[in-house]
Amino acid sequence: MKAVFMLEHGNVDVLQYGNVPEPEIDEDEIKIRVKACGINRLDIFTRAGKRGVKVNFDGPHILGGDVAGDVVEIGKSVENFKIGQRVVVNPRLVCSKCKDCLTGNDESCMRYRMLGTSINGGYAEYTKTHKDNVFEIPDSLSYEGAAALPTVYVPCWNMFKRRAQLKSSETVLIASASSGVGSAAIQFAKFAVGATVIATTSNEFKAQRAKDVGADFVINYNEETIANKVMEVTEGRGADVIFDHVGTDFWNQAIPVLAPRGRYGICGVTSGYKADLQMGTLFMRNQSIFGIHMGKRNDLSEIIRLVGDGVIKPVIHNTFDLESVQLAHDEMDKNEFFGKLIINVP
């Protein structure tokens, strides 16, 4: 089959387009004819071998976790799926054996693997995954739209609905509106919850797009101070919930404006891992800080339902052919896009 693969870590030049063997499935797996695959920041880190992501190269490695396509083969123990079904994959594969998995807390499984990082993924004509990570999609949802969902919308569900329990009467501050997860968080907080949304970004183009997808207020952090604007908008209270997928750079500006009883959620650290914390403020103002990594496996079904009901809509900036994956990685590195970058597989 045709695929984009790498044999070593490095810059975009390590991504090669060529032929590799088709995956063979076990009895509890499903083989999928890939139609679209989302590109995530994790792909960039994995390609480069940075941020603690190293591949054990025992052959060609194929990136890509957010896969949408058609079922072409099912294992002997697979039920409730049939050849030809349109599906999307949750890329976080848990062990299903540890205490957390057995008690319904699979989001805390520490034996998990990620499609495209731990194992071969979707930059290819075919991929395979465990049956429990495959979800049917409606005919109204395009393959590109489905591939734009898992890695960005699942953390939003987990953070806003389960952990922070964001309410429609509250205000949420969202970092980096233009990223896939930032634009997803805006939509989710505004349309699935009904909260007031403040988002941050770097230029006027991205600011306007953030408003287009649901932000009530947008802060261009190159022109105004995040803390001052948040306190102005909230009349001195601060943000009830903060959605941080950036890390150190955003933390230093956002933590001072966390409201009393506020909840600060972290699902990414692209700008750095370490930060200073004033613990006195934390307990005097009854604040909470927590981290999430994706969510529970079945959260993706809730996301698909919300899309089907028209509550949220995937935000796609650009699509690329499989042969043009290097260009897609270059575009992500430039950071001038808004929403998701998607690979189409003919």
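The values are calculated or read from the model by the stated rules, or taken from the named source; none is laboratory data. Owing to the predicted nature of the structure, the values given are computational and were not obtained by experimental measurement. Ideal geometry is used to build each Cβ from the backbone, glycine not excepted, and the neighbour counts take in all protein chains shown. Surface accessibility is based on the protein's heavy atoms, side chains included, excluding ligands, DNA and RNA. Shrake-Rupley method; radii C 1.70, N 1.55, O 1.52, S 1.80 Å.
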Evaluate the charge dipole of the chain about its Cα centre and quote only its size in Debye, nearest 20, assuming +1 on the Cβ of each Lys and Arg and -1 on the Cβ of each Asp and Glu.
960
Rg [Å, one decimal], Dmax [Å, integer] - the stretch 235-346, C-alpha atoms:
18.2, 57
If you wrap the chain's Cα atoms in a convex hull and average its projection over all directions, what's the area in nm²?
17.0
Bridge orientation stat for the chain from DSSP, antiparallel percent rounded to 5, came to 55
When the C-alpha atoms of the stretch 48-185 are aligned to their principal axes, what extent does each axis show, in angstrom, from largest down?
49, 38, 35
Once amide H atoms are built 1.01 Å from N in the peptide plane, which residues 5 or more positions from Gly291, or in another chain, come under 5 Å H to H?
Ile266
First compute the accessible area of the chain with a 1.4 Å probe, then give the percent of it belonging to carbon and sulfur atoms.
46
How about the stretch 164-253: which GluC sites (Glu not before Pro) there are in a DSSP loop, with at most 12 other Cβ atoms within 10 Å of their Cβ?
Glu223, Glu224, Glu235
Heavy atoms of the protein only, probe of 1.4 Å, neighbouring chains included. What is the accessible area of Ile74 in Å², nearest 10?
60
Going through the stretch 236-285, which trypsin sites (Lys or Arg not before Pro) have at most 16 other Cβ atoms within 10 Å and a DSSP loop state?
Arg237, Lys274, Arg285
Evaluate 2.2 N^0.38 Å with N set to the residue count of the stretch 11-72, then give the Cα radius of gyration divided by it.
1.26
Within the under-12-Å Cβ sphere about Val172, not counting Val172, Lys/Arg +1 and Asp/Glu -1 give a net charge of -1
Cross-link table Lys128/Lys190; Lys2/Lys334; Lys50/Lys313; Lys54/Lys274, entries beyond 25 Å C-alpha to C-alpha:
Lys128/Lys190; Lys2/Lys334; Lys50/Lys313
How much area per residue is accessible in the chain when the probe is 1.4 Å and only protein heavy atoms are counted (Å²)?
44
What is the Cα radius of gyration of the stretch 209-265 over 2.2 N^0.38 Å, N being its residue count?
1.10
Highest to lowest packing among 208-214, 88-94, 129-135, scored as the average C-beta count within 10 Å
88-94, 129-135, 208-214
Spatial separation of Cα centroids for the stretch 20-50 and the stretch 173-237, in angstrom
32
Could you run the Karplus curve 6.51 cos²θ - 1.76 cosθ + 1.60 with θ = phi - 60° over the stretch 26-37 and give me ³J(HN,Hα) per residue in whole Hz, x for Gly and Pro?
8, 5, 9, 10, 10, 9, 10, 7, 5, 10, 8, 9
Relative contact order for the stretch 269-341: what percent, with Cα pairs under 8 Å and sequence separation of 6 or more?
24
